[in-house]
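Input: one structure, supplied below.
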Protein chains: 6
Amino acid sequence: MSEVAGRMSIQVGAHYLEKEQGGRGVLLGGVPGVAPARVAILGGGVAGINAAQMAVGMRADVTVYDINNARLAELDMFFGSQIKTVYASRLAIAAAVRDAHLLIGAVLVPGAAAPKLVTRDMIKTMKRGSVLVDIAIDQGGCFETSHATTHDDPVFEVDGVIHYCVANMPGAVARTSAFALNNATLPFALKLANLGAEKAMSANRHLAAGLNISGGNVRHRAVAEALGLPLKEK
Amino acid sequence: MSEVAGRMSIQVGAHYLEKEQGGRGVLLGGVPGVAPARVAILGGGVAGINAAQMAVGMRADVTVYDINNARLAELDMFFGSQIKTVYASRLAIAAAVRDAHLLIGAVLVPGAAAPKLVTRDMIKTMKRGSVLVDIAIDQGGCFETSHATTHDDPVFEVDGVIHYCVANMPGAVARTSAFALNNATLPFALKLANLGAEKAMSANRHLAAGLNISGGNVRHRAVAEALGLPLKEK
Amino acid sequence: MSEVAGRMSIQVGAHYLEKEQGGRGVLLGGVPGVAPARVAILGGGVAGINAAQMAVGMRADVTVYDINNARLAELDMFFGSQIKTVYASRLAIAAAVRDAHLLIGAVLVPGAAAPKLVTRDMIKTMKRGSVLVDIAIDQGGCFETSHATTHDDPVFEVDGVIHYCVANMPGAVARTSAFALNNATLPFALKLANLGAEKAMSANRHLAAGLNISGGNVRHRAVAEALGLPLKEK
Amino acid sequence: MSEVAGRMSIQVGAHYLEKEQGGRGVLLGGVPGVAPARVAILGGGVAGINAAQMAVGMRADVTVYDINNARLAELDMFFGSQIKTVYASRLAIAAAVRDAHLLIGAVLVPGAAAPKLVTRDMIKTMKRGSVLVDIAIDQGGCFETSHATTHDDPVFEVDGVIHYCVANMPGAVARTSAFALNNATLPFALKLANLGAEKAMSANRHLAAGLNISGGNVRHRAVAEALGLPLKEK
Amino acid sequence: MSEVAGRMSIQVGAHYLEKEQGGRGVLLGGVPGVAPARVAILGGGVAGINAAQMAVGMRADVTVYDINNARLAELDMFFGSQIKTVYASRLAIAAAVRDAHLLIGAVLVPGAAAPKLVTRDMIKTMKRGSVLVDIAIDQGGCFETSHATTHDDPVFEVDGVIHYCVANMPGAVARTSAFALNNATLPFALKLANLGAEKAMSANRHLAAGLNISGGNVRHRAVAEALGLPLKEK
Amino acid sequence: MSEVAGRMSIQVGAHYLEKEQGGRGVLLGGVPGVAPARVAILGGGVAGINAAQMAVGMRADVTVYDINNARLAELDMFFGSQIKTVYASRLAIAAAVRDAHLLIGAVLVPGAAAPKLVTRDMIKTMKRGSVLVDIAIDQGGCFETSHATTHDDPVFEVDGVIHYCVANMPGAVARTSAFALNNATLPFALKLANLGAEKAMSANRHLAAGLNISGGNVRHRAVAEALGLPLKEK
């Protein structure tokens, strides 16, 4: 789903940069003779890479920020002179935020709250009508000013900057997402159907790790803690 | 302006393919494992090429149709295996319309009404939730079912197909368009300012061709005819 | 050798699509104005990637099918909008077979018989004069209708579909293959020459795993079983 | 048709380089670790460019020779570091012939016999099992050793070099060629059908230039001369 | 020769940006995690395009400025998201100069003095250790602060900015330049040798335009004016 | 730092190939009609890849040599038909050295002396004015004829071949290198600052491995051996 969200983030960003949507009225890729918009992508993981692919494809001026040097080297290898990669020091992030027309928050730390990389003070330095998209909103968001929104009412404005923080972005392209999800889960479903639940979980620890309750006992630590029930791991 | 409209056509097409906008819920480029959407672009002129650049950039499955073989060869040279080029026979157009998720009408004949290449019967064969964008709407549109719309109310539906037919597409990215327009007109403005109107028009026939009225006489045939006044060419 | 076979598969496929060879008479890449042929590659491993490189290079319309989502994501990253990647569900494979002009079977499971992914019923849906190349034929082939052939008599026809199932494809480009093989085996040869067999095998377990007989005893399980002799592992 | 022939020339070249076809046994693109074959293309016109596209696509080491510097600059712009361009001095051609594994003759001078750029002495310097394809054979060929062949018996050998000189190369991919031809001639056919022959020829001088006989008179100089009949131009 | 000069301009620029040469100590392409240098190229003609190719190749952040919109569109088509194209208004040039690490003057107006696009005041805004290369120096240069230098003493400094203004840049790569020059002049030499001077000039007006003196008379206006002798055109 | 050195190696190589620097007077990328220079890169690690990126970017004819087949396959995947990859047998290296205009030594074995791959006898076969750059000079160099030089006096000549063997290449682009170094070390510095030395080293074994002396004892084997002091590991 990170792939869907990453790719969509540029599409929605381009949309809200349109004048009728309250945006700055710039075309992501510019046209010959008119410079393109600047897109800053915070985080070079799966979501960030997919965002970069779309932003480059739409001919924006793209920079990706990360603190993982090996990852930045990989991105540099793949994208060549089509993107810039910059180490995500606090100083670099502040400059990125100030200059960007479109700012993508793609810092997802698996199983943890996203770090608040961008403060409200930084947001204040952005141009009016700029747009930010917080892909990490499901984990709390990586902008201080973010709060989750829905597809019915997807954006709000803070300090003249449009915030798109829809918690379930892939829902907008439900058909594509359903296929993607199916591709990811089908192998597990087939294992369950062919082997039965017991054997399937013995054979595959990823599957076993997803078990919440069995035999009248809570088997999953997080569920036990959330519900205040005793945990009995298998 | 054809460049702006061509590039925007894919951006708005992607937007209206989203489920919340009434579209089919497909992501233009798909994701790994899920096939991309099919984009058919009718016309390989400036608008069509710019549309193709964006559609390829967003990783759609793109085919461009034209009747100019030399132009198709140029596109093939530029885009390589990233697009398909097909001669725009009636049969090929009918198949293109039927299969496309996003259909771009980019057939602009300078100074003439756009030909109605796509009939309502063809539109009926499209999947529900497909989207078409008529870039040629300023010249009457190249789909039988098109009629001009505005940025306030940009789309309507015919036979389950979303029609985006905004007459002034570049207005949505006013800042980019203003610069582009300025680049195109600045040389004329400088000539007028430096030489005065008379000399500037003598020196530049493109400028002279734009003259409507001077010395109390109508100098432009179309204006004279439209207003029922006598024409007095210089 | 998978690299050689993968690259050759497209070259032989293009050849047998020629009319004089009994094929459909289509040029893999088409020409400007005429759509390219569709190439479906089953399996995105080394052989499949090399086939994809050549098919893209010859400007065909290429789709790669695999059940490994991570691998599909890698291919998508490398090839961008030049190929489509689709999860290899049974449904997707059936559609792929039906539509393809050239079908490449590149499903190689190391040390195991290739799975019969494509049934005869699927083959029957293909257009007359289509071509399939079974790279997995050394392991039994991944099409139900495959049986091994030789360079002297490389193809046969089933239901109007040309089958190329040469068991030793790299032999056709013996010079290239000899160098490739040499590159792969030279390090072992040098170790043997420099250290002697005993030390070389102690130092390198890959080498040791290749030992069949020593000191009058069979050292390799498969050989012992095949010959009905006692195994004495070192 | 030059596009079809240019693209096919690489495909047939790759085929005859196979060992079973009498060729040198090299794979056009090599594999990682084994250098690719060298392809020399004489002539950077439509046929030459299309040959270069395929040869690059199959990962060969490609050089294009021409005496038109502007054309070489265009090719350099398009292909970047993927091909080398060299001015076609006699010295350069001799070196090209000597080093090439696959030599493409694509020097087509419209309406004139192709110049014999490559002498038999040069051919003698080639490696045994090298292949040459003479696309210009319809106009007499651009190799001294060429003579026209057919799809039934397409090749012959001179000094150990395989010569492919089929006069009607596009016939091998009849389906693709038929569509391509149709695309090129359809506009004329439509004009004839809509306007009648007289008006159509008045309206279109390309069409008129094709008229051979009308009103009992020979209208075309070449036909008149060939048949020894009086010419009566319209 | 514009091609040689354009390509060399980036190579010498990269060299003088090194610390030991007095430059700013930045690597043109940066490295992963460190932003590349900014290269501004004034003029999108042959020299400018060749400079852009090298600058992109070395992974710099490249912008090309020109007042010819059609040319900018061509560059955009060729380079895609690898360069930015901006209309060369005075404002845009001032900003370009201020921000650039490497500034290339490639504004060559055939047969005329190069316009002084960049004033000393603009140069003053550049960072210390920046470098400019004036390819137009043979025609007077396009920077106010330029004056011609030689390969023996190629650079000088104004306001902390290194100026490379060698009048005969291609001399540095004499071997490549000699071949290039030969390619350009060989056709004329062959004509002269085959036809004799008189006939060759009759047959080719480019050749005839180069005649200075014949039959005891000065035939070339510029030569006549320069020497104060009477002109007698043929 | 390997990235900086790899990228710089091509830049300095191009510089010393200039005639005024004693080089052969060839432009790395040639120009249309004039073949590019041949660049041979020994070693496909980080330094070698970065050298290849720049050499390809400057349009040279690039071949990379390595004995790691998997690595060559990766390079082939990334660079496609833009480079050639060849297994680094002694024979292949000898041919590479003989033919190269620019030879890059990028064979770095971590923590060991670089192997002397290229003998003086091989160097003798190179053309006068060719250039070699020994990136491995910090580890003793990979050419028999190398000895370390400085930025003040960077090159020397052996058998007519210019040797660039500066031990601290990244120093030439100090600003870029400082940022790169900072990016690599900042995480360790932050750990030290936040946790104190003791805890930081407990938490991070890379950090701990860098400790030389603590509590009056030598903690690092190499330091102890070098100084003849007792080692007391923690």
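The values are calculated or read from the model by the stated rules, or taken from the named source; none is laboratory data. Since the model is a prediction, treat every value here as computed from it, not as a measurement. Glycine also receives a Cβ, built like all others from the backbone with ideal geometry; neighbour counts cover every protein chain displayed. We work out accessible area using only protein heavy atoms, side chains counted, and drop any ligands, DNA or RNA first. Shrake-Rupley method; radii C 1.70, N 1.55, O 1.52, S 1.80 Å.
Could you look through segment E:77-99, keep only residues that are touching a Leu at 6+ places or on another chain (Cβ under 8 Å) and touching a residue at least 40 places away in the same chain (Cβ under 8 Å), and pick out the one that is nearest to E:VAL166 (Cα to Cα)?
E:VAL97
Here's a follow-up. Being open to solvent by 70 Å² or more (accessible area, probe 1.4 Å) and hydroxyl-bearing (Ser, Thr, Tyr) is the filter here, so list the residues in segment A:186-215 that pass it.
A:SER202
Something else: Against the definition (at pLDDT below 95, surrounded by 24 or more Cβ atoms within 10 Å (Cβ to Cβ) and within 19 Å of the chain's Cα centre (by Cα)), how does D:VAL107 come out, yes or no?
For D:VAL107, the condition - at pLDDT below 95, surrounded by 24 or more Cβ atoms within 10 Å (Cβ to Cβ) and within 19 Å of the chain's Cα centre (by Cα) - is met.
From (1) surrounded by 14 or more Cβ atoms within 10 Å (Cβ to Cβ); (2) at the interface with another protein chain (Cβ under 10 Å from one of its Cβ atoms), pick out the condition that doesn't hold for D:ILE123.
Just one mismatch for D:ILE123, condition (2).
Another question, if that's okay. Is segment D:153-168 home to any residue that is away from chain B (no Cβ under 14 Å), open to solvent by 10 Å² or more (accessible area, probe 1.4 Å), more than 16 Å from C:GLY33 (Cβ to Cβ) and modelled with pLDDT under 95?
Scanning segment D:153-168, I find at least one residue that is away from chain B (no Cβ under 14 Å), open to solvent by 10 Å² or more (accessible area, probe 1.4 Å), more than 16 Å from C:GLY33 (Cβ to Cβ) and modelled with pLDDT under 95, so the answer is yes.
Considering only segment D:131-149, I want to know if a residue exists there that is within 21 Å of D:ALA172 (Cβ to Cβ), within 14 Å of chain C (Cβ to nearest Cβ), out of contact with any Phe, Trp or Tyr (no Cβ under 6 Å at 6 or more places or on another chain) and open to solvent by less than 30 Å² (accessible area, probe 1.4 Å).
yes
Considering only residues that are at the interface with another protein chain (Cβ under 8 Å from one of its Cβ atoms) and touching a strand residue (DSSP E or B) at 6+ places or on another chain (Cβ under 8 Å), which ones fall in segment A:1-11? Step through it out loud before you land on a result.
Filtering segment A:1-11 for residues at the interface with another protein chain (Cβ under 8 Å from one of its Cβ atoms) gives A:3-4, A:7-8, A:11.
A:GLU3, A:VAL4, A:ARG7 - these are the residues of segment A:1-11 that are at the interface with another protein chain (Cβ under 8 Å from one of its Cβ atoms) and touching a strand residue (DSSP E or B) at 6+ places or on another chain (Cβ under 8 Å).
Among the candidates B:ALA106, B:ALA112, single out the residue that is more than 14 Å from chain A (Cβ to nearest Cβ) and under 25 Å from A:VAL12 (Cα atoms). Steps first, answer last, please.
Details: B:ALA112 fails: under 25 Å from A:VAL12 (Cα atoms).
The unique qualifying residue is B:ALA106.
What do you reckon, is E:ASN183 at pLDDT below 90 and either open to solvent by less than 50 Å² (accessible area, probe 1.4 Å) or more than 14 Å from chain D (Cβ to nearest Cβ) (or both)?
Details: at pLDDT below 90: yes; either open to solvent by less than 50 Å² (accessible area, probe 1.4 Å) or more than 14 Å from chain D (Cβ to nearest Cβ) (or both): yes.
Criteria met by E:ASN183.
Among the residues of segment D:115-147 satisfying the criterion of being of a type in the set (S, T, N, Q) and more than 12 Å from the chain's Cα centre (by Cα), which is nearest to D:VAL12 (Cα to Cα)?
From segment D:115-147, those of a type in the set (S, T, N, Q) are D:119, D:125, D:130, D:139, D:145-146; that's our starting set.
Remaining after also requiring more than 12 Å from the chain's Cα centre (by Cα): D:119, D:125, D:130, D:145-146.
Numbers: D:THR119: 22, D:THR125: 22, D:SER130: 13, D:THR145: 18, D:SER146: 16 Å.
Selected residue: D:SER130.
Follow-up. Given the conditions (1) more than 14 Å from chain A (Cβ to nearest Cβ); (2) part of a helix (DSSP H, G or I); (3) open to solvent by 40 Å² or more (accessible area, probe 1.4 Å), report the number of the one that F:GLU233 does not fulfil.
(2)
Next question. Name the single residue, out of those in segment C:60-90 being over 21 Å from C:LYS127 (Cβ atoms) and of a type in the set (S, T, N, Q), that is farthest from the other protein chains (Cβ to nearest Cβ).
Checked segment C:60-90; the qualifying residue farthest from the other protein chains (Cβ to nearest Cβ) is C:ASN68.
Let me ask you something else. Right, B:ILE104: assigned to a helix (DSSP H, G or I) and in contact with a Ser or Thr (Cβ under 8 Å, 6 or more places away or on another chain) or not? It would help to see each step written out before you state the result.
Numbers: assigned to a helix (DSSP H, G or I): no; in contact with a Ser or Thr (Cβ under 8 Å, 6 or more places away or on another chain): yes.
Criteria not met by B:ILE104.
Against the definition (at negative phi, open to solvent by 20 Å² or more (accessible area, probe 1.4 Å) and touching a strand residue (DSSP E or B) at 6+ places or on another chain (Cβ under 8 Å)), how does A:ARG219 come out, yes or no? Lay out the reasoning, then the answer.
Numbers: at negative phi: yes; open to solvent by 20 Å² or more (accessible area, probe 1.4 Å): yes; touching a strand residue (DSSP E or B) at 6+ places or on another chain (Cβ under 8 Å): yes.
Here the answer is yes, as A:ARG219 does meet what is asked.
Could you list, ordered by first residue, the pairs with Cβ atoms under 6 Å in which the first is in segment C:183-195 and of a type in the set (A, V, I, L, M, F, W, C) and the second is modelled with pLDDT under 80 and assigned to a helix (DSSP H, G or I), at least 6 apart or interchain?
Pairs found: C:PHE188/C:LEU207.
Residue-by-condition table, conditions (1) within 14 Å of chain A (Cβ to nearest Cβ); (2) modelled with pLDDT of 95 or more; (3) surrounded by 24 or more Cβ atoms within 10 Å (Cβ to Cβ):
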| site | (1), (2), (3) |
| --- | --- |
| B:ARG38 | yes, yes, no |
| B:GLY48 | no, yes, yes |
| B:ALA51 | yes, yes, yes |
| B:MET58 | yes, yes, yes |
| B:ALA92 | no, yes, no |
